1. Is it the case, given these coordinates, that G142 is crowded, with 20+ Cβ neighbours inside 10 Å and at pLDDT 95 or above?
2. Starting from residues that are surrounded by fewer than 24 Cβ atoms within 10 Å (Cβ to Cβ) and touching a strand residue (DSSP E or B) at 6+ places or on another chain (Cβ under 7 Å), keep the ones in the range 128-138 and report whichever is nearest to L92 (Cα to Cα).
3. Say we look at the range 57-78 and pick out the residues that are of a type in the set (A, V, I, L, M) and in a loop (DSSP other than H, G, I, E, B); which of these is farthest from the chain's Cα centre (by Cα)?
4. Give just the number: which of (1) more than 25 Å from A39 (Cα to Cα); (2) touching a helix residue (DSSP H, G or I) at 6+ places or on another chain (Cβ under 8 Å) does D105 not satisfy?
5. So, of the residues in the range 98-117 that are at pLDDT below 95 and hydrophobic (A, V, I, L, M, F, W, C), which turns out to be surrounded by the fewest Cβ atoms within 10 Å (Cβ to Cβ)?
6. Keeping to the range 81-90, report how many residues are of a type in the set (S, T, N, Q) and closer than 17 Å to P70 by Cα.
7. State whether the residues of the range 79-90 include one that is touching a Phe, Trp or Tyr at 6+ places or on another chain (Cβ under 7 Å), outside any loop (DSSP other than H, G, I, E, B), hydroxyl-bearing (S, T, Y) and under 20 Å from A47 (Cβ atoms).
8. Of all residues in the range 91-131, how many are outside any strand (DSSP E or B), over 23 Å from S65 (Cα atoms) and touching a residue at least 24 places away in the same chain (Cβ under 8 Å)?
Amino acid sequence: MALGLGVVTSCGGDDSNNVPAGAGGSTGTGSGGAGGGGAMLNGCDSATAVDKTASATTAVAFGNSLVYDPPCLRIKAGSSVTWSGDFVQHPLVGGTISGTTKTPDPASPIKLTMGADAGSVTFSFPNAGDFPYYCTIHGTFGMKGAVFVVP
């Protein structure tokens, strides 16, 4: 299957300053924060992420466009995010993409999804931190994002 490169961007630019696994992740010591200005994380910056801090739950959709909508979120600790789409074609996992290197983060609250997940999956974010994620098949084509959790 040929994939076009017209959908390679997610939000906020390249990953040349990507935070390596363990440098942000579930520790809450990663890039940015509310008001941000930190390093890029899977193409996302906390300062330009979609602000959903007023919502207890947030939805992220995806399909065959190879992007998450929205890919970059800022939420409050204690909130949850629901991803909806085809997990057979687009398995989701917490972790980083840098170039063609995929690094899953086993400490991430975003756990590996598979086709058995019935079209949507919800993960809770009880603590502040920066949580990147990507599609295990299409992450290197730009299907990636991050959830920035603020206190």
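1. Values: crowded, with 20+ Cβ neighbours inside 10 Å: yes; at pLDDT 95 or above: no.
In short, no.
2. First, pick out the residues of the range 128-138 that are surrounded by fewer than 24 Cβ atoms within 10 Å (Cβ to Cβ): 128-129, 136-138.
Imposing the further condition that a residue be touching a strand residue (DSSP E or B) at 6+ places or on another chain (Cβ under 7 Å) reduces the set to 128-129, 136.
Values: A128: 21, G129: 19, T136: 6 Å.
Step by step, filter the range 128-138, then rank; the result is T136.
3. Quick first cut of the range 57-78, residues of a type in the set (A, V, I, L, M) only: 59-61, 66-67, 73, 75, 77.
Now drop any that are not in a loop (DSSP other than H, G, I, E, B), which leaves 66-67, 77.
Values: L66: 13, V67: 11, A77: 16 Å.
Ranking the qualifying residues of the range 57-78, first place goes to A77.
4. All conditions pass for D105, except number (1).
5. Within the range 98-117, the match that is surrounded by the fewest Cβ atoms within 10 Å (Cβ to Cβ) is A116.
6. Step one: of the range 81-90, the residues of a type in the set (S, T, N, Q) are 82, 84, 89.
Filter once more, so that each one left must be closer than 17 Å to P70 by Cα: 82, 84.
Selection size over the range 81-90: 2.
7. Within the range 79-90, one or more residues are touching a Phe, Trp or Tyr at 6+ places or on another chain (Cβ under 7 Å), outside any loop (DSSP other than H, G, I, E, B), hydroxyl-bearing (S, T, Y) and under 20 Å from A47 (Cβ atoms).
8. The initial filter retains those residues of the range 91-131 that are outside any strand (DSSP E or B), namely 91, 99-100, 105-119, 126-128.
Cutting the leftovers down to over 23 Å from S65 (Cα atoms) gives us 105-109, 126-128.
Those still in the list that are touching a residue at least 24 places away in the same chain (Cβ under 8 Å) too: 105, 107-109, 126-128.
Residues flagged as outside any strand (DSSP E or B), over 23 Å from S65 (Cα atoms) and touching a residue at least 24 places away in the same chain (Cβ under 8 Å) within the range 91-131 amount to 7.
The values are calculated or read from the model by the stated rules, or taken from the named source; none is laboratory data. Keep in mind that this is a model prediction, so the values were computed, not measured. Cβ: placed from backbone, ideal geometry, glycine included. Neighbour counts: every protein chain shown.
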